[in-house]
1. With a cut-off of at most 16 other beta carbons within 10 Å, and DSSP calling the residue loop, which GluC sites (Glu not before Pro) in region B:1-79 qualify? Please list them.
2. What do the square roots of 5 times the Cα gyration tensor eigenvalues come to for chain A, in whole Å, largest first, as semi-axes of the equivalent ellipsoid?
3. Quote the convex hull volume per residue of the protein assembly as shown, based on C-alpha atoms, as a whole number of Å³.
4. Tell me, how many Å apart are the Cα centres for region B:27-58 and for region A:65-83?
5. Tell me, what is the percent relative contact order of chain B, built from C-alpha pairs under 8 Å that lie six or more residues apart?
6. Check cross-link reach from B:K78 to the lysines: straight Cα distance under 18 Å, and skip same-chain residues fewer than eight apart.
7. I'd like the antiparallel share, as a percent to the nearest 5, of DSSP beta bridges with both residues in chain B.
8. Mind checking the dipole of the protein assembly as shown: about its Cα centre, +1 per Lys or Arg Cβ, -1 per Asp or Glu Cβ, Debye to the nearest 20?
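The values are calculated or read from the model by the stated rules, or taken from the named source; none is laboratory data. These numbers were taken from a predicted model, which means no experiment stands behind them. Please note: Cβ atoms are built from the backbone with ideal geometry, for glycine as well, and neighbour counts cover all protein chains shown. Just so you know, the surface numbers come from the protein's heavy atoms only, side chains and all, with ligands and any DNA or RNA stripped out. Shrake-Rupley method; radii C 1.70, N 1.55, O 1.52, S 1.80 Å.
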Amino acid sequence: QQQVKQSPQSLIVQKGGISIINCAYENTAFDYFPWYQQFPGKGPALLIAIRPDVSEKKEGRFTISFNKSAKQFSLHIMDSQPGDSATYFCAARASDSWGKLQFGAGTQVVVTP
Amino acid sequence: GAGVSQTPSNKVTEKGKYVELRCDPISGHTALYWYRQSLGQGPEFLIYFQGTGAADDSGLPNDRFFAVRPEGSVSTLKIQRTERGDSAVYLCASSLSGGYTEAFFGQGTRLTVV
């Protein structure tokens, strides 16, 4: 079964708007939460990652918010641009399972001009 | 090379045939990962190598799937007696070491079993 649940499945946002993608997990052994961006025909590329000892991490227009007690984390894309149109995946990894990233099902983001 | 290289980029094979998919990781990366991505889904873990050894192969779906990394660099994913359900994009990634180091993905091999 999917260990990381991601929503929404797709999202349309106007240029300059904010895109918000949410993920939830159950496994309390997860201690690394990356977000990946994937364009058609390409492999996923790491955008930003967080560990559970912080509640927020910002890199440029991308921010991860992390709620350990709720076992939820989200990606905010500020000032969305047409070039941000892609599929975004959240993922999680347990400390006792270094190599195994558990991915969400993905969110297709379309930014309209 | 500059990134993770996977060959071939596309492979069409008949049901029941054997296929090999190759991954050239970034030079110096000791950790190597294989994932499988079906259409509209997130990548699904298959196997993780640290050096030459498989540190975690819990994601291999059955004994038709096997992967090797004999010299700690190039890896080959081998699929015997292919089935139509094996059709997917097979992704390889590498990282400098395990742990929290960033994993860089290749563009994948699209396998179609007809």
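1. Sparse-neighbourhood loop GluC sites (Glu not before Pro): B:E14, B:E71.
2. 23, 15, 12
3. 122 Å³
4. 26 Å
5. It comes to 36 percent, rounded to a whole number.
6. B:K11, B:K15, B:K17
7. 90 percent
8. 420 debye
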